[in-house]
1. How many residues, within region B:116-153, are surrounded by fewer than 20 Cβ atoms within 10 Å (Cβ to Cβ) and on the phi > 0 side of the Ramachandran plot?
2. Right, residue B:112: in a strand (DSSP E or B), within 26 Å of residue B:179 (Cβ to Cβ) and more than 8 Å from every other protein chain (Cβ to nearest Cβ) or not?
3. For the list (1) touching a strand residue (DSSP E or B) at 6+ places or on another chain (Cβ under 8 Å); (2) crowded, with 23+ Cβ neighbours inside 10 Å; (3) within 8 Å of chain B (Cβ to nearest Cβ); (4) at pLDDT 95 or above, I need the number of the one condition that residue A:78 fails.
4. Taking the options A:163, A:205, name whichever one is surrounded by 16 or more Cβ atoms within 10 Å (Cβ to Cβ), assigned by TED's automatic domain parsing to the domain that holds residue A:78 and more than 20 Å from the chain's Cα centre (by Cα).
5. Within region A:260-278, how many residues are farther than 15 Å from residue A:288 by Cα, in contact with a helix residue (DSSP H, G or I) (Cβ under 8 Å, 6 or more places away or on another chain) and away from chain B (no Cβ under 11 Å)?
6. Would you say residue A:312 is part of a helix (DSSP H, G or I) and in contact with a strand residue (DSSP E or B) (Cβ under 7 Å, 6 or more places away or on another chain)?
7. Might you let me know whether region B:94-103 holds any residue that is in a strand (DSSP E or B), surrounded by fewer than 24 Cβ atoms within 10 Å (Cβ to Cβ) and more than 15 Å from the chain's Cα centre (by Cα)?
C-alpha cells in the first residue's frame with residue numbers, strides 16, 4: 001500500500017514568518033514590490049510540488065492606536081492580484097486567496113474568483129474569512145465590526161450565493177474548470193469550526209505540537225461527519241515554520257540569530273499591534289502597563305488580560321515580555337533541526353493523524369522557501385511521501401478531491 | 001520629448017477570460033504597438049478586469065493595462081489595493097476607467113476621490129528598507145486618508161502602498177462619462193461633448209484614414225486614437241500594420257506610462273508627490 005502522502009501549501013504573504021525576518025541577509029524586502037520576485041517564488045513552489053500558494057490578508061492599516069510601525073515589514077498587497085499574476089507564470093500550483101465575506105458582496109466575490117478560476121485553468125481557491133480586526137470597519141464606512149454570530153451568518157449566505165453565481169457563470173461559459181474555486185477555511189472558534197465543517201475542503205490552523213494537531217483534526221473530522229460529509233474530502237493543513245541547519249545546534253543558532261535581528265523597539269511594535277494598543281512610548285525596562293493596555297485596546301479585553309496579566313504579576317519588564325511574545329508568532333509549530341529531522345517530524349505527524357499536510361510559513365523570504373524546497377522536499381520525495389509530479393492540472397485534482405464538487409452550504 | 005501619438009484599444013470578448021485566448025491577444029497587442037489596452041467597457045462586463053490585468057502583468061512588457069471598474073459593484077478600498085498591487089507588478093503600466101452605468105449619480109466620482117485619497121496617504125519616499133538600522137519605513141510619511149464622500153467613507157490610508165505611478169492613469173469614456181475634471185485620458189467621439197482630460201483619444205474604426213488622423217494630431221486636436229475591438233485576434237495585426245508609422249520608434253520603449261505618454265505626476269498636499277520609489281540594495 002502507498003504510504004500516506006503529505007500535502008504542502010506555501011503561505012507566502014509578506015517577507016516571512018518572523019517579524020524580524022525581513023532583515024535577514026537572505027531576505028529580499030524590496031522583492032515583494034516586483035513581478036520578478038513573485039515569478040521566482042511561484043516557480044519555486046511548483047518545483048517543490050506544493051499543492052498551492054496561499055496568501056493571507058488584512059483590510060486594516062498595520063499598527064495600533066493610529067501609529068504606523070516603522071520597524072515591521074508591512075506590505076499587504078492585494079492577494080487576488082498577486083495570485084493572478086503568479087497564475088500566468090506557473091502551470092500546476094494552486095492559488096488560494098484570502099478574501100472577506102464581511103466586506104465584499106457575493107457578486108464581487110463571484111466575479112473575482114470566477115475570473116481567477118478561468119484564467120488559471122482551474123487552480124483557484126478561496127480562503128473564506130469573516131474579518132475579526134476592529135480597525136477594518138472604518139475603512140468601510142463603519143464604526144464597528146458586526147458581531148461574530150452576525151459575521152458567520154452573513155458568511156454562510158455569501159458563500160451560498162457565490163456558489164449559485166458560479167454555477168450560472170459555468171453554464172454561460174467559458175466554463176469554470178473546477179465548477180467553482182476550492183473552499184478553504186481557518187476558523188478556530190466553535191462557530192468557525194462548524195462553518196468549516198459545513199463548507200471547507202481544506203482547513204488551515206495553528207497546531208503548536210503533534211497532540212494539538214491530532215485533537216484539532218479529530219474534532220474537525222467528526223464535525224464534518226456530523227453534517228453528512230465525508231471527512232476524507234477535507235484536507236487539514238496546520239501551519240509550520242522552520243529554521244534548518246546542518247545540525248540541531250546550527251539550526252538553533254540560526255533561529256537565535258533571526259530573533260536577535262529584532263530590537264526592543266520592533267518587539268514592542270509587534271506586541272502593540274497584537275494587543276491593539278500602542279505601547280511604543282513606554283520604557284522597555286519598565287513594567288508592563290496593563291491598565292493602559294486594557295483601557296485602550298480595541299481587541300476583546302478578556303483575551304488581552306489573559307495574555308498580559310501573568311507576566312505583569314511576575315514583574316517581567318515590557319521589553320522582555322515583547323521579545324518573548326515575538327518568539328512564538330501566532331501559536332504555530334516552529335521546527336528547528338536538520339532537513340532529515342524535519343522530514344521525520346512531518347512524516348510522524350502525518351502518520352499519527354495530526355494533519356493531512358502542512359502550510360509552510362518560511363521564516364524569511366525567499367531564502368526560507370529556497371532552503372525547504374532544496375533540502376527537505378527531495379527527502380520527502382525519496383521516502384515516497386511527496387509527489388514528484390502533479391497528477392493533473394486543477395487544484396482539486398492536486399488535493400486528491402473529486403474534480404468538480406457541489407457545495408454543502 | 002516629442003509628443004507621442006497614443007494608440008489605444010478596448011476588449012470585451014468573453015473568451016478573453018481564458019489563457020489560451022488571452023495570451024496570443026496580449027502578444028498581438030504588444031506587437032501592434034498599442035500603448036493601452038482597456039479591458040471591458042461600458043455596457044459589457046464579460047470578466048473581472050482587475051483579475052485579468054494582474055494576470056496580464058507578466059505576459060506583457062510595455063503595454064498599458066487599463067481595468068474598467070463598475071462603480072455599482074466595487075468598493076474603493078478594494079479597488080485601490082488591487083490597482084496598487086497591479087501597478088507594482090507592471091512597474092507602472094496600470095490604469096482604470098470607472099463605469100458609472102448602473103450606479104447612483106455621483107458614485108463613480110466618489111470612488112475616484114476615495115481611491116486617490118487612499119493612495120495619497122503614502123508619500124512616494126516612505127519606504128526605507130534598511131536592514132542595518134531596522135527601519136522599514138518612515139512613519140512621518142504615512143497619513144490617514146479620512147475621506148468622506150456622499151457614498152464612501154474610508155479611513156485609510158490604503159494598507160498596501162502608493163503605486164509607482166502615484167495614481168494609476170484615469171481614463172474617462174465620453175460615451176459614459178464621469179464628472180472628473182482632471183482625468184488623464186478621455187475617449188472622445190467625433191461629435192460628442194468631450195470630457196476634460198489631459199489627453200484626448202478619438203474613437204475611430206480600424207479602417208479610419210491615417211493621414212487625416214496625423215493632420216489632426218499635429219494640429220493638437222487629438223492626442224491619439226482609441227479602437228473598439230470586436231474580434232481582437234484578427235483586428236490587432238491589421239491595426240498594427242495600418243498605424244505602424246504613428247507608433248514607430250516607440251514600440252520597445254519601457255518605463256512608466258506617465259513619463260512615456262507625457263502625463264502629469266500626481267501631486268499631494270502633505271506628501272512627497274510622484275510614484276512610490278522602492279529603495280534598492282536593501
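The values are calculated or read from the model by the stated rules, or taken from the named source; none is laboratory data. Computed from a prediction, not measured in an experiment: that's the story for all the values here. As a convention, Cβ positions derive from the backbone with ideal geometry for all residues, glycine included, and neighbour counts pool all protein chains shown.
1. Looking only at that region, the number is 2.
2. Working: in a strand (DSSP E or B): no; within 26 Å of residue B:179 (Cβ to Cβ): yes; more than 8 Å from every other protein chain (Cβ to nearest Cβ): yes.
In short, no.
3. With respect to (1) touching a strand residue (DSSP E or B) at 6+ places or on another chain (Cβ under 8 Å); (2) crowded, with 23+ Cβ neighbours inside 10 Å; (3) within 8 Å of chain B (Cβ to nearest Cβ); (4) at pLDDT 95 or above, residue A:78 is out only on (1).
4. A:163
5. 0
6. It is true that residue A:312 is part of a helix (DSSP H, G or I) and in contact with a strand residue (DSSP E or B) (Cβ under 7 Å, 6 or more places away or on another chain).
7. Start the filter on region B:94-103 by keeping residues that are in a strand (DSSP E or B), which leaves B:94-99.
Of the ones still in play, those that are also surrounded by fewer than 24 Cβ atoms within 10 Å (Cβ to Cβ) are none.
There is no residue in region B:94-103 that is in a strand (DSSP E or B), surrounded by fewer than 24 Cβ atoms within 10 Å (Cβ to Cβ) and more than 15 Å from the chain's Cα centre (by Cα).
Conditions (1) more than 14 Å from residue A:59 (Cβ to Cβ); (2) at the interface with chain B (Cβ under 10 Å from one of its Cβ atoms); (3) in contact (Cβ under 8 Å) with a residue 60 or more places away in the chain, marked per residue:
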| position | (1), (2), (3) |
| --- | --- |
| A:83 | yes, yes, no |
| A:86 | yes, yes, no |
| A:92 | yes, no, yes |
| A:100 | no, yes, no |
| A:114 | yes, yes, yes |
| A:123 | yes, no, yes |
| A:133 | no, no, yes |
